[in-house]
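Heads up: the structure comes next, in structure tokens.
The values are calculated or read from the model by the stated rules, or taken from the named source; none is laboratory data. Please read these numbers as outputs of a predicted model, since none were measured by experiment. FYI the Cβ positions are ideal-geometry reconstructions off the backbone, even for glycines, and counts take in every protein chain you see.
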Amino acid sequence: MVYILLAVLIVLTLLLKSPKVIGMMGEASVKQKLAKLDPKIYKVLHDVMIKQPDGKTSQIDHLVISPYGVFVIETKNYKGWIIGSEHSQYWTQVIYKRKEKLYNPIRQNYGHIKALEGYLEDSSVTFISIIVFGTRAELKLENMNTDVIRSPQLLSTIRKYQTIRLTDEKVADMHQKLATGVVHSHKERKQHVRDIKEKLAQDRKMADSGMCPRCKGQLVLRKGKNGMFKGCSNYPKCRYTSST
Ligand SMILES: [Zn+2]
């Protein structure tokens, strides 16, 4: 009996340490917080997958549709120091003495907003990007315009936006459009992951051939603080960079 209990405990401990479970718990806690918003004003949707015109999908962790704008929320479950700035392509996670690169989540969320704009076919909607880290992260950010916060600040961050930008009718219309437009099947999810991998490979291939994957401009060799890199010749209009 004691052995069974012990085995169960070990499995539980391992599960709680797996990144997938930690990610799920992080999103669950954000979900709980969003449930405290007044449902008459704020319409909340989770795990929204948007089909783009090219057939690909964009996955959004949480959407809050309100008269103050549409909040597009991306959750990040990293621990340690998170170092970054608004415009850099990558941020750095420092954990103990290890450094890891992560794609700037503001840029990632910007992609989600573009997909939403395309899906809604409406350029008059105000989107507000929020990046939420858990309490295990310590944020060391500079030059921020976007709200990059830890989960305890989520509700106060949403509530600080008080300028009415959308009619209730429009809020309801968008809510319906986005709620029925979401796709949830396991198959579509798998496809989403495949799309991301494919896109990365395509971008890499393009960059290797000297073409900017973002604007199809020419990539030129530049010298940076950390050595040579490829940058877009349309800089500063296009800020695409890649390693050589
Ligand atoms: Zn470019």
(request) Kindly provide the set of residues from the range 73-88 that are under 24 Å from residue 44 (Cα atoms) and not in a loop (DSSP other than H, G, I, E, B), ordered by number. (result) 73, 74, 75, 76
(request) Of the numbered conditions (1) within 20 Å of residue 114 (Cβ to Cβ); (2) modelled with pLDDT of 85 or more; (3) within 16 Å of the ligand (Cβ to nearest atom); (4) in contact with a strand residue (DSSP E or B) (Cβ under 7 Å, 6 or more places away or on another chain), residue 206 fails exactly one; give the number of that condition. (result) (4)
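When you go through 200, 155, 219 one by one, which is the residue that is at pLDDT 90 or above, among the aliphatic types (A, V, I, L, M) and closer than 30 Å to residue 62 by Cβ?
155
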(message) Criterion first (within 16 Å of the ligand (Cβ to nearest atom) and modelled with pLDDT of 80 or more) does residue 144 satisfy it?
(response) no
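Determine, yes or no, whether residue 65 is crowded, with 21+ Cβ neighbours inside 10 Å, assigned to a strand (DSSP E or B) and without any contact (Cβ under 8 Å) to a residue 60 or more places away in the chain.
Criteria not met by residue 65.
For (1) within 19 Å of the chain's Cα centre (by Cα); (2) without any contact (Cβ under 8 Å) to a residue 12 or more places away in the chain, each residue gets a yes or a no:
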site: 82; (1), (2): yes, no
site: 85; (1), (2): yes, no
site: 99; (1), (2): no, yes
site: 134; (1), (2): yes, no
site: 137; (1), (2): yes, no
site: 145; (1), (2): yes, no
site: 164; (1), (2): no, no
site: 167; (1), (2): no, no
(request) Can you run down the residue pairs with Cβ atoms below 8 Å, 6 or more apart or on separate chains, where the first is in the range 219-244 and under 13 Å from residue 204 (Cα atoms) and near the ligand (Cβ under 10 Å from one of its atoms) and the partner is of a type in the set (A, V, I, L, M) and in a loop (DSSP other than H, G, I, E, B)? (result) none
(request) With the condition kept exactly as written, say whether any residue in the range 164-184 is within 16 Å of the ligand (Cβ to nearest atom), loosely packed, with under 15 Cβ neighbours inside 10 Å, modelled with pLDDT of 85 or more and closer than 30 Å to residue 51 by Cβ. (result) no
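From the list 94, 48, pick out the single residue that is buried (at least 17 other Cβ atoms within 10 Å of the Cβ) and in contact with a Gly (Cβ under 9 Å, 6 or more places away or on another chain).
48
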